[in-house]
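Below: one structure, written as structure tokens.
The values are calculated or read from the model by the stated rules, or taken from the named source; none is laboratory data. Remember, predicted model here, so these are calculated numbers, not experimental data. Cβ placement follows ideal geometry from the backbone for every residue including glycine, while neighbour counts extend to all protein chains displayed. All accessible areas refer to the heavy atoms of the entire protein, side chains included, with ligands and DNA or RNA removed. Shrake-Rupley method; radii C 1.70, N 1.55, O 1.52, S 1.80 Å.
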Amino acid sequence: MQCIKDENEFKTLLKSAGCKLVVVEFSAKWCGPCKKICPLVHAMSLHYQNVVFANVDVDDSRDLAHTCNVRVIPTFQLFKQTKKVNLFTRIKRAICCYRSGVERKPIFEFCGADASKLETKIQELM
């Protein structure tokens, strides 16, 4: 898992990931729930070799956390092709876009130490 320190590193990571899913964990060393989920996220990073995992320590990278609108920790944001992942599944997105003619893009992120929710979303978006 790569540690991201600033916005330049963040942009480079997203670009280098290409079409791979990128999971970014925003956390802090002192945060209890962050400590709880950290080994689980590490295990996922070993299991899902085709997914890029990164961590941003909000204390060391305050500007980046602010730019990404992180308000609580842990927060997970998912990206694909340098863009935050849409909240809908692919099929729901296709139906929604077909009906409305316009694609709305609410972002996908969630807060808290829910490893099963994170893994479900990773499996859906790979």
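Being of a type in the set (S, T, Y), surrounded by fewer than 20 Cβ atoms within 10 Å (Cβ to Cβ) and in contact (Cβ under 8 Å) with a residue 40 or more places away in the chain is the filter here; which residues of segment 14-73 pass it? The answer is S45, Y48, T67.
Which of the residues that make up segment 74-87 are open to solvent by less than 70 Å² (accessible area, probe 1.4 Å), touching a Phe, Trp or Tyr at 6+ places or on another chain (Cβ under 9 Å) and assigned to a loop (DSSP other than H, G, I, E, B)?
First, the residues of segment 74-87 that are open to solvent by less than 70 Å² (accessible area, probe 1.4 Å): 74-80, 82, 84-86.
Restricting the remaining residues to those that are touching a Phe, Trp or Tyr at 6+ places or on another chain (Cβ under 9 Å) gives 74-78, 84-86.
Within segment 74-87, P74, V85 meet the criteria.
With K5, K11, K36 as the choices, which residue is touching an Asp or Glu at 6+ places or on another chain (Cβ under 7 Å) and farther than 16 Å from L125 by Cβ? Lay out the reasoning, then the answer.
Numbers: K11 fails: touching an Asp or Glu at 6+ places or on another chain (Cβ under 7 Å); K36 fails: touching an Asp or Glu at 6+ places or on another chain (Cβ under 7 Å).
Every option except K5 fails the conditions.
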